[in-house]
Amino acid sequence: MKPLSAFCALALAASSALAQSGAFHPTRPVTLVVPYSTGGGTDAVGRIFAKELGELWGQPVMVDNRTGASGAIGSALVAKAAPDGQTLLLSVASIAINPYLIAKLPYDTKTDFTPITPLAKPVVVMVAAPALKATDVKSFIALAKAEPGKHSFASSEPSTRLYGERLAKAAGIKLVHVPYKGAGQWITDVVGNVVDTGFASITSAQPMMSSQRPPKSADVTARTATCQK
């Protein structure tokens, strides 16, 4: 699998219906719901975070992967949990996008969650199948224009899908979107040449990338800053 380009990052945040009075210190195990499958970037951040919290609190923090509906299934589980801080949600941009994509969510995004803190800001990369006859975004666009509707891109949640849709619109090309429940699943299919391209955090994609030199941190910073303007 080869990286084609780096794109701006999306932010992660933990949310819950935690009461906002005083410092929180659990007296029993805590559940951290990750609304995406194991093996992806969100899951990796969640497991690091859970380990650190467990050491800080002296209580186990268990990661519970609840996939489906672009993160809405896991989010609903947290929204319906007791507002005691024992059930936390690791959220990505999809929690803000889903109200515009899903007509009837089983929760109210504005009132059912209390934001706690941002956790990470992963760089998003576009990766391509080994057999794809493109080495960068420019050559991929040229290929897609020559073969309209033939090439596909994968995503596992709304924000990464938007990268593909924005690329298609800006370049005037037609791409087929293939949705997955988690980045780990579609990355395997990209490596196997089942899907042409996809958008994921570099945390998810790097283990499967070829030995090409990753972007320099300065390059990533510059691209990220451009996206944030």
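The values are calculated or read from the model by the stated rules, or taken from the named source; none is laboratory data. Fair warning: this is a prediction, and the values are worked out from it, not measured in the lab. Neighbour counts run over all protein chains shown; Cβ positions are idealised from the backbone, glycine included. Calculation scope for accessible area: heavy atoms of the full protein, side chains included, ligands and nucleic acids excluded. Shrake-Rupley method; radii C 1.70, N 1.55, O 1.52, S 1.80 Å.
Annotations for the structure displayed:
- Every residue from segment 66-86 that is open to solvent by less than 40 Å² (accessible area, probe 1.4 Å) and either in a helix (DSSP H, G or I) or within 24 Å of residue 201 (Cβ to Cβ) (or both): 68, 71, 72, 74, 75, 76, 78, 79
- Sub-9 Å Cβ pairs linking a first residue in segment 126-137 that is touching a residue at least 24 places away in the same chain (Cβ under 8 Å) and open to solvent by less than 10 Å² (accessible area, probe 1.4 Å) to a second residue that is part of a loop (DSSP other than H, G, I, E, B) and among the hydrophobic types (A, V, I, L, M, F, W, C), at least 6 apart or interchain, are 127/1; 127/209; 128/1; 128/134; 129/1; 129/194; 129/195, ordered by first then second residue.
- Condition check for residue 92: at pLDDT below 90, within 25 Å of residue 65 (Cβ to Cβ) and surrounded by 19 or more Cβ atoms within 10 Å (Cβ to Cβ): yes
- Selection status of residue 166, of a type in the set (Lys, Arg) and modelled with pLDDT of 90 or more: yes
- Residues that are more than 24 Å from residue 183 (Cβ to Cβ) and assigned to a helix (DSSP H, G or I) within segment 44-63 comprise 54, 55, 56, 57, listed in sequence order.
- Filter pass, residue 120 being within 19 Å of the chain's Cα centre (by Cα), within 30 Å of residue 192 (Cβ to Cβ) and open to solvent by 20 Å² or more (accessible area, probe 1.4 Å): yes
- When residues in segment 95-125 are screened for being more than 15 Å from residue 75 (Cα to Cα), free of Cβ contacts under 8 Å to residues at least 12 places away in the same chain and assigned to a loop (DSSP other than H, G, I, E, B), 1 of them pass.
- Positions within segment 129-163 being closer than 30 Å to residue 99 by Cα, at pLDDT 90 or above and either in a loop (DSSP other than H, G, I, E, B) or hydrophobic (A, V, I, L, M, F, W, C) (or both), in sequence order: 149, 151, 153, 154
- Check on residue 173, touching a residue at least 12 places away in the same chain (Cβ under 8 Å), farther than 21 Å from residue 39 by Cα and not charged (D, E, K, R): yes
- Filtered residues of segment 159-207 (kept if surrounded by 22 or more Cβ atoms within 10 Å (Cβ to Cβ) and of a type in the set (Asp, Glu)): 196
- Leading residue by the ranking (farthest from the chain's Cα centre (by Cα)) among those in segment 36-58 that are surrounded by fewer than 16 Cβ atoms within 10 Å (Cβ to Cβ) and either of a type in the set (A, V, I, L, M) or farther than 23 Å from residue 205 by Cα (or both): 58
- Filter pass, residue 64 being among the acidic types (Asp, Glu) and touching a residue at least 40 places away in the same chain (Cβ under 8 Å): no
- Subset tally (residues that are closer than 27 Å to residue 207 by Cα and open to solvent by 30 Å² or more (accessible area, probe 1.4 Å)) for segment 138-149: 4
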